Amino acid sequence: MQEPVFLLFVRRHGFAQTIPCNFCKSLLYYYNSPIEITETEEIYLNIPQKLAAEFQLRQEQIDNTIALLDDGKTIPFIARYRKERTGSLDDQVLRAIDNRLQYLRKLEQRKDEICTAIEAQGKLTPELEQKIRGAETLVETEDLYLPYRPKRKTRASMAIARGLEPLARILMAQNPRTNPAQEAEAFLQEEVPDTEAALQGAMDILAEEMANDADLRKQMRRLVMSAGTIQSRATEEDADTPYQNYYDYAEPVKRIVGHRILAIDRGEREGALKVAVTLPEGHGASLLIQKFVKNQSPCGKLVQTAAEDAFQRLLFPAVERETRKALTEQAATAAIGVFASNLRQLLMAAPLKNRIVLGVDPGYRTGCKLAVVDETGKVLDTGVAHITVSKGASLEREKDVIRKMLRKHHVTAVAIGNGTASRESEAVVAELLKELPYSAAYMVVSEAGASVYSASKLAAEEFPEYDVSLRSAVSIARRLQDPLAELVKIDPQAIGVGQYQHDMPKAELSAALDGVVEDCVNSVGVDLNTASAPLLRRVAGVSAATAKNIVAWREEEGAFTSRAQLKKVKGLGPKAYEQCAGFLRLPEAKNRLDATAVHPESYPAAKGLLEACGCDAKEIGTDAMQSLPVRVKSRGTKALCEALGVGEPTLMDIVSELCKPGRDVRDSLPKPLLRSDVMGLEDLKPGMELKGTVRNVIDFGAFVDIGVHQDGLVHVSQISDKFIKNPRDALKVGDVVQVKVLSVDTAKKRIALTMKGVPQS
């Protein structure tokens, strides 16, 4: 991969030019010739050019993307309907650009604030401003500001207040002929009683100055990252905690992976571990000694003492904190990426269409809550069966509750929550399904977030007639039918497909996950007449209030018959209409284009295309329309684009939609793996081959549901016969895979699986 080029914008005597900026050395070059900055020159970061270099995109793509974002366009809208302007960048790249853009703008704002603050002190030199403007990160920028930042009371500030700064300058000069003790006598006073106190105060001043040196902090940071070791040990050696692997642990900073950082951090927060970063003996202090100590004169030796103190007391502790913070932030960013990727796959799992489903929320004391929903998710029946605690005749009566519901509504699929009493419920359900005169199956589904949803205000508004437990059963049934439509009602953080998600920065995690939900909803599209308010709220340009207004309009005026009627909804203005219209579908609309992902702004082009190719709008989605791509090719794609006034990406999207209107991208994905029989942990034997569904993918492997109560772990080393570094290179949530049992630990309820040597169908 080509090394990214970083750019600076130089305003020089009234005209502008761009120069490359070396990321590591913070040196300015123009065609390998150093640029000399005079007092009349201002240096500013050219953010668009920097983004183009970093993302290796054409400048036009970046400029147009920034313009669209600044104009308030949503990322799903830009990705789907502004492909000509962005060069068909997808939603994930667009979000990455947006995030980087916000960071760089924040960086430039902070540089302005710092320059203003230093200028107010009368200390802003052209050289210093050059360094600040050229800083690549917020950390570097703050390092440069550190000597000028208003400080709390320190040993150095107290020494300066006592008038010892001139003595510090004398020591730093390190003149071999200078006698430090004699020089110190001139500074004695009430608060400085003797020469020892005077010299100590002067060294405190020097130590703080050394520790605040921006270049030195950068060097120390690099040293720690390259040669440092992160170590952890037990607070109590014999304590039984989940962190025993880290009771006596050490790993180079440069090699430690994110999930181990997060585990160590959590162990430290819970008081189980003590954690430190270390350097090889003598490595750190030597940087200061080499930079500041000129000789071994009496003054030079005092400067060396100050340097060693600066390292031990000030510089290294600060860099250690920064390093650990950086490692945690990197690990959190990676973990958020894992969570987002898994959530995307979970939301985009294939729906179980055209099935009447029984949802079972297992329980002991309060019984199993039951809810039957029809093909559209409408609740047909509810009930409670105490099948996990009853015996004999009592158990048969409770079974009969489920038996009657299955037969009455011709249930063909059962969704069982994987919480408490799941296994016992599964055994009963499997037995009852065998009694049916028709084919039916079940699936154990994750009930993560179901209880959160059932107790929410949203659930109360949706099902005021049901108690909390029955709402949960409805949610479990619906998430098997349509994971996306149901899971959008739940806080993404409660869905549980990540690692250490509760340790993540809440704002960053929420923003990332909300972006995933938004992208998934808009990539699938939403039925305007059946979508719930929570689902509508995830459509580009639709706020929570507007979503409620859409539902209210539907209830008052009846079903929508055209997209144009959206303009009548309270609070949905022209801009919101532009953003959302293409993602809202009307399968039964008179205008067949309203059933497609074709944006209303492109209706004239779509109609023109149909006319040019000799097709009728009535044929949209029929077999007769399948020849459209051939007709387009025969008439010339470029010529049609010019005639219709659209770009080629838009034309191809229109063609695709006319052939398969409102196509659900999830239909091509693996279907939910339904089961008809139950297995227990004790039924598993090493060597047994099974089919399972990937439930979670993390840094060190993947958890697979193989039909027992516990998911099995396929370690990253067991995923493929070929070497893979990242499990996500081979697996994603929802994949149906063949696995072989390696080992079963019944005491710890752990199952080790492998995919090596197992043919994948």
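Every number here is computed from the coordinates shown, using simple stated rules; none is lab data. Model, not experiment: these values are computed from the prediction. Counting neighbours? That spans all protein chains shown, and the Cβs are built from the backbone with ideal geometry, glycine included.
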Determine, for each peptide in 319-328, 200-209, 731-740, the mean count of other beta carbons within 10 angstrom over its residues, then list the peptides with the highest first.
200-209, 731-740, 319-328
What distance in nm separates the simple spin-label points at LEU436 and LYS638, each placed 7 Å from Cα in the Cβ direction?
5.8 nm
Is it possible to state the helix-based mean residue ellipticity at 222 nm for the chain, with each DSSP H run of 4+ residues giving -39500 (n - 2.57), the sum divided by total residues, to the nearest 500 deg cm²/dmol? What is it?
-13500 deg cm²/dmol
So how tilted is helix 298-309 from the main axis of the chain? Cα-based, degrees 0 to 90, rounded to 10.
20 degrees
Using a 7 Å offset from the Cα along the Cα-to-Cβ direction at both MET158 and ASP70, what is the distance between the two label points in nm, to one decimal?
5.2 nm
Flagged as over-length at 20 Å C-alpha distance, from LYS408/LYS434; LYS691/LYS740; LYS131/LYS301, the pairs are LYS131/LYS301
Quick one: which of 545-551, 343-349, 358-364 comes out on top by average Cβ neighbours within 10 Å, and what's the full order, highest first?
358-364, 343-349, 545-551
So if R0 is 30 Å, what FRET efficiency would GLU236 and GLU196 give, r being the distance between their Cβ atoms, rounded to the nearest 0.05?
0.10
So how strong a dipole does the chain carry about its Cα centre when Lys and Arg Cβ are +1 and Asp and Glu Cβ are -1, to the nearest 20 debye?
1720 debye
Which lysines does LYS570 reach when only Cα atoms under 18 Å apart count, and residues fewer than 8 places away in its own chain are ignored?
LYS548
Quick one: angle between helix 59-70 and the longest Cα principal axis of the chain, in degrees between 0 and 90, rounded to 10, please.
70 degrees
Subset of LYS294/LYS325; LYS353/LYS399; LYS369/LYS506 violating a 30 Å alpha-carbon distance limit:
LYS294/LYS325; LYS369/LYS506
Determine the distance separating the Cα centre of segment 638-690 from the Cα centre of segment 265-338; give it in Å without decimals.
51 Å
Is any residue of segment 85-128 close enough, with backbone N under 17 Å, to a label point placed 7 angstrom from the Cα of ASN726 along the Cα-Cβ axis, and if so, which?
90-97
Tally Lys and Arg at +1 and Asp and Glu at -1 over the other residues with C-beta under 12 Å from the C-beta of GLN738: what net charge comes out?
+1
Kindly rank 260-267, 719-726, 502-509 from highest to lowest mean number of other beta carbons found within 10 Å of each residue.
260-267, 502-509, 719-726
Dipole axis of the chain (+1 Lys, Arg; -1 Asp, Glu on Cβ), positive-most option in GLY558, THR74, THR366:
GLY558
In degrees, nearest ten, helix 422-435 long axis to first principal axis of the chain (Cα):
20 degrees
If the chain between LYS325 and GLU60 were fully extended at 0.36 nm per residue, the gain over the current Cα-Cα distance would be 91.8 nm
Shape verdict for segment 172-220, please, from the Cα gyration tensor: rounded (a/c under 1.5), prolate (a/b greater than b/c) or oblate.
oblate
